[in-house]
Amino acid sequence: MKLKHLLLCCLFAAVGCTTATTTPDNEIDRKVEELLAQMTLREKIGQMNQVSGGANLCDWAASGDLGSILNCVDPAEINAVQRAAVEQSRLGIPVLVSRDVIHGFRTIFPIPLGMAATFDPAVVEQGARIAAVEATASGVRWTFSPMLDIARDPRWGRVAEGSGEDTYLDVQMGVAMVKGYQGDDYADPTSMAACVKHFVGYGAAEGGRDYNTTMISERALRNVYFPAFKACIDAGALTLMTSFNDVDGLPSTGNSWLLDDILRKEWGFDGMVVTDWNSAGEMIAHGYAEDLKHSAELAVNAGVDMDMMSFGFIEHIEELINEGKIEMQTIDNAVRNILRLKFRLGLFENPYVDEAKAREKVYAPEHLEAAKQCAVESAILLQNNNNVLPLTDAKRILVTGPMANAQFDQLGTWAFDGEEAYTVTPLMALRDDYDVVYEPGLTYSRDTNKAGIPAAVRAAAGVDAVVVCVGEEAILSGEAHCLSQLNLQGAQSELIAELNKTGKPIVVVVIAGRPLTIERDLAECDAMLYSFHPGTMGGEAIADLITGRAVPSGKTPMTFLRDAGQAPFYYNHPMTGRPNNGTETLLNDIPLKAGQTSLGCTSYYLDTGYGPLFPFGYGLSYTTFDYSCITIDKTEYTEGDVIVVEYDLTNSGKVDATEVAQLYVRDLVGSVVRPVKELKGFERVYLKAGETKHCRFELPVAELAFWNRDMEYVVEPGKFQLWVAGDSASGEALAFEVK
Ligand code: GLC
């Protein structure tokens with residue numbers, strides 16, 4: 001270690017041990033300025049360069065040309081790169097180690113769409129905290145999560161990674177993850193910097209086809225896509241990632257309105273902005289940059305601090321400075337953001353990871369239990385004819401289907417560091433509860449070879465019930481994995497239909513990365529449990545739900561479609577001038593030679609009608625819940641008021657269970673057309689069988705604000721409606737007015 005660096009470390013350490021656990025920002029800013037003043041231009045540019053795992057990372061680090069690495073999770077390799085940076089480079093600035101820790105590190109939780117289905121921010125925050133404890137023990141101090149992209153089109157493979165279609169739910173889940181990852185003290189060795197992504201509008205890709213162009217108005221950005229980013233930044237998110245897509249012709253990575261006007265000037269973000277993988281260089285393909293040098297100029301001047309894998313910064317910024325195309329002040333500000341992050345994380349005081357303890361907490365019993373609880377709460381009961389579930393009378397069951405024992409695929413997308421050997425599958429777990437006959441029927445989700453189906457059908461003859469586990473291999477969702485059709489792949493539907501012919505009770509468990517179009521499969525089974533890739537402990541969670549040890553409470557975080565052709569479809573849509581009115585004439589009911597306007601003129605499809613298969617917020621239980629005595633404290637409010645909504649919730653069935661009660665509001669008339677409904681609150685209410693609880697929501701009128709015709713964030717006076725219900729399509733409206 002260089003003498004100068006040693007002295008610096010001693011100085012920082014000395015200062016560090018006398019300051020509070022979280023060094024105050026003015027102290028950090030002083031350190032940043034001191035260090036910045038010593039840096040050459042080359043060293044500054046080096047901090048702006050992020051490189052993915054590879055053999056020569058130590059060379060990059062020793063030369064000072066490396067600010068961060070990604071895709072290294074071996075603690076010894078990480079320490080080697082860190083030693084090269086700290087002990088060989090001139091100023092010894094530690095590198096920031098990053099990884100896509102998206103829904104767990106080793107202990108894999110349900111994919112984020114599944115975590116959203118819990119409607120339980122506390123269980124999601126706990127999951128993020130556990131992910132941070134496991135990942136930081138390997139040396140990772142920065143995760144590229146939470147993904148906040150609002151998703152209204154299940155054809156897009158990355159719906160798996162987000163919190164679905166609703167802005168309010170997106171906010172709750174994103175903030176929970178930021179808090180879980182970062183903890184209370186950024187310098188705590190288990191604190192992992194969060195990265196809110198992908199800024200912005202990535203989920204609105206036309207056609208649900210990844211990376212595709214988006215056309216989103218400023219008003220829609222502000223009302224739908226921005227809120228979760230703003231909320232997470234207000235909650236302390238330390239970094240942000242730009243998105244691959246363009247918004248109305250401007251690639252986000254080169255959009256100064258987004259990265260400077262909104263992010264820095266309007267929101268006061270003082271964290272660090274990183275590009276997505278080569279998203280700077282991809283502005284050439286967009287036709288927005290002439291070449292790599294131009295892309296670096298555009299990205300840096302737009303407000304990007306760190307370049308992930310385009311190498312445009314390290315190769316061209318020096319020329320661009322010399323040509324006056326980039327101001328030194330811009331570089332200094334970018335490097336300030338990077339150094340501030342490293343000081344906040346305590347990297348200068350603790351650059352190394354303790355290799356001996358890397359796996360000490362991995363798969364700790366409390367981690368596995370938390371992952372199981374999250375998987376239990378994330379499962380959605382979509383159908384339960386004749387109360388087939390829970391299977392309390394069955395002794396001998398057939399377990400079948402390509403997802404029944406899929407240890408790798410059950411982990412879902414972005415489970416880089418999950419280890420399939422630790423996955424508990426439904427087959428493994430159900431063997432502890434029943435006399436199980438196992439016949440896969442199909443070997444993987446895309447399998448079209450039906451040769452295994454007869455054996456499964458024959459095996460069904462001798463059992464009390466059948467559990468069919470179908471869905472998607474992990475690779476069928478996630479980045480760049482989009483589908484134009486959403487039916488179960490391969491011969492899975494045939495497997496279900498053939499088993500249904502046996503007359504046995506059929507329970508279908510869908511393990512997938514997105515809402516699939518499963519209407520035809522619902523007709524061929526008694527019960528369906530939907531489990532978005534539930535992770536390491538998914539099998540135990542599913543067994544708990546099938547046996548009745550646990551009761552389903554999950555709710556759909558995205559609308560389930562009847563057909564992919566209905567996409568994009570989302571509950572909180574604006575009303576059209578010709579809304580469907582439920583009297584639409586469907587394809588097979590149209591008379592011959594029907595006159596042009598004889599079917600009426602409303603917004604629907606001749607083949608599928610209008611409605612979805614299941615609405616947002618939907619999910620059954622093993623009991624029933626009744627909402628009654630729903631009241632609001634006034635019928636007229638002013639902006640400073642809080643609307644007090646009270647209601648009684650009764651568990652009118654025979655089992656103790658949890659309901660996710662939801663609060664929706666509609667602004668009937670606005671200076672711009674408004675959504676027909678918006679989620680404004682939810683709460684998980686546990687009720688014993690027969691119990692009634694008096695519950696309440698408190699909704700500040702200020703939370704009815706939106707960006708209006710004049711692009712002002714205001715509550716517009718007028719008439720509103722409000723619902724308290726168990727999903728977005730139920731309940732009776734209450735009227736109130738804002739004066
Ligand atoms: C990927 C993804 C992004 C991820 C990054 C690093 O392309 O778009 O979400 O964090 O590259 O792996």
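Structure above, values below:
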item: Cα-based convex hull, the stretch 145-233, per residue volume (Å³, whole number); result: 86 Å³
item: Principal axes of the chain: Cα extent on each, largest first, Å; result: 79, 62, 54
item: Cα-based equivalent ellipsoid of the stretch 625-738: semi-axis lengths in Å, sorted from largest, via gyration tensor; result: 30, 13, 11
item: Kirkwood Rh and Cα Rg combined as Rg over Rh, evaluated for the stretch 413-572; result: 0.95
item: Long-range Cα-Cα pairs in the stretch 269-373 (distance over 19 Å), rounded percent; result: 58 percent
item: Per-residue SASA entry for Asp727, accessible area with 1.4 Å probe, Å² rounded to 10; result: 20 Å²
item: The chain - accessible surface per residue (Å², probe 1.4 Å); result: 36 Å²
item: 18 Å cut-off, amide nitrogen to a point 7 angstrom out along Arg549 Cα→Cβ, residues in the stretch 497-540; result: 534-540
item: Computed helical MRE - 222 nm, the chain, DSSP H runs ≥ 4 contributing -39500 (n - 2.57), nearest 500; result: -7500 deg cm²/dmol
item: J(HN,Hα) series, the stretch 522-537, from Karplus relation 6.51 cos²θ - 1.76 cosθ + 1.60, nearest Hz, glycine and proline x; result: 4, 6, 10, 8, 8, 9, 9, 10, 10, 10, 5, 3, x, x, 3, 9
item: Förster-model FRET efficiency, 56 Å R0, His573 and Asn26, C-beta, rounded to 0.05; result: 0.75
item: Exposure ranking of Thr190, Thr400, Thr583 by accessible area [1.4 Å probe, largest first]; result: Thr583, Thr190, Thr400
item: Backbone HN-Hα couplings from phi across the stretch 158-169 [Karplus 6.51/-1.76/1.60, Hz, Gly and Pro as x]; result: 8, 4, 4, 8, x, 9, x, 9, 9, 5, 5, 5
item: Distant-in-sequence amide H partners of Ser52 (H built 1.01 Å from N, under 5 Å); result: Leu70
item: Within the accessible area of the chain (1.4 Å probe), percent carbon and sulfur; result: 51 percent
item: Residue-wise HN-Hα coupling along the stretch 282-292, computed from phi with Karplus coefficients 6.51, -1.76, 1.60 (Hz; x: Gly, Pro); result: 6, 5, 5, 4, 4, x, 10, 10, 6, 7, 4
item: Cβ-placed point charges (K, R +1; D, E -1), dipole of the chain about Cα centre in debye, nearest 20; result: 660 debye
item: Ranked by how many other beta carbons lie within 10 Å on average, peptides 293-300, 421-428 from highest; result: 293-300, 421-428
item: Hydrodynamic radius by Kirkwood, which averages 1/r over all alpha carbon pairs of the stretch 95-357, in angstrom; result: 18.4 Å
item: Pairwise centroid distance, computed over Cα atoms, of the stretch 373-446 with the stretch 570-596, Å; result: 39 Å
item: Rule-of-thumb Rg ratio for the stretch 315-397 [Cα; 2.2 N^0.38 Å; N residues]; result: 2.31
item: The stretch 454-533: equivalent-ellipsoid semi-axes (sqrt of 5 x gyration tensor eigenvalues, Cα, Å); result: 25, 11, 11
item: Mean Cβ count within 10 Å, highest first, over the residues of peptides 594-600, 115-121; result: 115-121, 594-600
item: Unit charges on C-beta of K, R, D, E only; dipole of the stretch 345-491, Debye; result: 660 debye
item: In nm, spacing of pseudo-spin labels at Ala733 and Glu87 (7 Å Cα→C-beta vector); result: 7.0 nm
item: Cα Rg over Rh - the stretch 31-98, Kirkwood; result: 0.96
item: Accessible heavy-atom area order of Val133, Val273, highest first, probe of 1.4 Å; result: Val133, Val273
item: Added length on full extension, which subtracts the Cα-Cα distance from 0.36 nm per residue, Ser484 to Asp270; result: 73.0 nm
item: Amide hydrogen neighbours beyond the local backbone of Gly681, cut-off 5 Å, H modeled; result: Leu663
item: Solvent-accessible surface ranking, highest first, for Trp60, Trp277 at 1.4 angstrom; result: Trp277, Trp60
item: Computed lengthening from Asp464 to Asn581, 0.36 nm per intervening residue step minus Cα-Cα distance; result: 37.7 nm
item: Sequence-distant residues sharing a close amide H with Tyr637 (under 5 Å, placed H); result: Glu737, Val738, Lys739
item: Computed accessible area, Ser652, all protein chains, 1.4 angstrom probe, square angstrom; result: 60 Å²
item: Antiparallel %, DSSP beta bridges [both residues in the chain], to 5; result: 50 percent
item: Within straight-line cross-link reach of Lys450, aspartates and glutamates at Cα separation under 13 Å, skipping those fewer than 8 residues along the same chain; result: Glu439, Glu494, Glu498
item: Alpha carbon centroid spacing (whole Å) that separates the stretch 261-304 from the stretch 625-664; result: 46 Å
item: Whichever lysines have a C-alpha closer than 30 Å to that of Lys677, once near sequence neighbours (fewer than 8 apart) are set aside; result: Lys179, Lys197, Lys230, Lys555, Lys634, Lys693, Lys719, Lys739
item: Cα gyration tensor shape of the stretch 395-496, rounded if a/c is under 1.5, else prolate or oblate by comparing a/b with b/c; result: oblate
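The values are calculated or read from the model by the stated rules, or taken from the named source; none is laboratory data. These numbers were taken from a predicted model, which means no experiment stands behind them. All Cβ positions, glycine included, derive from the backbone under ideal geometry; neighbour counts span all protein chains shown. Calculation scope for accessible area: heavy atoms of the full protein, side chains included, ligands and nucleic acids excluded. Shrake-Rupley method; radii C 1.70, N 1.55, O 1.52, S 1.80 Å.
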